[in-house]
Amino acid sequence: MHKIGMTFWVASLTVLAGACSPSSPSQPHTSETAAPQPASTNATAAALPVSSIPADPRTIAVNVQGVAPVGVTLRVKSVELGTDATTLDVSASYGGTITNSLELAGNGTYLLAANGDRLMLKPPQDNQSLRITRGQTMDGKLVFLGAVAPDTKSIKLVVNDNNDGNSIISPGLTMTIPLDGTPR
């Protein structure tokens, strides 16, 4: 068995206010003060209210399996709903005979929340496209950037968005994952 990659990445945003300190080595000292920049008014991303983001991570046991006709089997064993990321514990196998290997993250792999948000995959450093070879099984955790609202009943795992399940390069697969399972 091959490990998918256990990289867990938490994105953080830092807001800088005011002018840089004159002692900053990357900024020359000047007596001019930069004019404040207006806030952007064309933001299209919808923010979740603080009350709809889980306060503590919780793990839900699931047992969902999806199969792409080309010979890929993907099983989701648990979902961890965190404050900054959603993590799936998965097992993926490729038993097809048409090609020697294929990619599970070659074209748009993400979680789709009920409200339409796409939580994009943070690919592991050691296998960015989640390449799997014939006869191989990969076990590990897939990290998707962003939180799912605690009252969400299900999410969809979309593998290689808009690709056919018979693709010998990056087969498509969509799985609905219920979130009403037993917390562990």
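Some notes on this structure:
- Of the numbered criteria (1) open to solvent by 30 Å² or more (accessible area, probe 1.4 Å); (2) more than 14 Å from the chain's Cα centre (by Cα); (3) aliphatic (A, V, I, L, M); (4) modelled with pLDDT of 95 or more, the one M120 fails is (2).
- Test: residue in the range 135-142 that is under 16 Å from G66 (Cα atoms), open to solvent by less than 50 Å² (accessible area, probe 1.4 Å), in a loop (DSSP other than H, G, I, E, B) and not aromatic (F, W, Y): no
- Residues in the range 80-106 that are surrounded by fewer than 17 Cβ atoms within 10 Å (Cβ to Cβ), part of a loop (DSSP other than H, G, I, E, B), more than 11 Å from the chain's Cα centre (by Cα) and not aliphatic (A, V, I, L, M): T83, G95, T97, T99, N100.
- Taking the numbered list (1) in contact with a Gly (Cβ under 9 Å, 6 or more places away or on another chain); (2) in a loop (DSSP other than H, G, I, E, B); (3) surrounded by fewer than 17 Cβ atoms within 10 Å (Cβ to Cβ) in turn, N163 passes all entries but (3).
- Taken over the range 60-73, the residue count meeting the criterion of being open to solvent by less than 10 Å² (accessible area, probe 1.4 Å) and more than 18 Å from K153 (Cβ to Cβ) is 4.
The values are calculated or read from the model by the stated rules, or taken from the named source; none is laboratory data. What you see is a predicted model; the values in this text were computed from it and never measured. When we count neighbours, we look across all protein chains shown, and the Cβ atoms used for this are built from the backbone with ideal geometry, even at glycine. We work out accessible area using only protein heavy atoms, side chains counted, and drop any ligands, DNA or RNA first. Shrake-Rupley method; radii C 1.70, N 1.55, O 1.52, S 1.80 Å.
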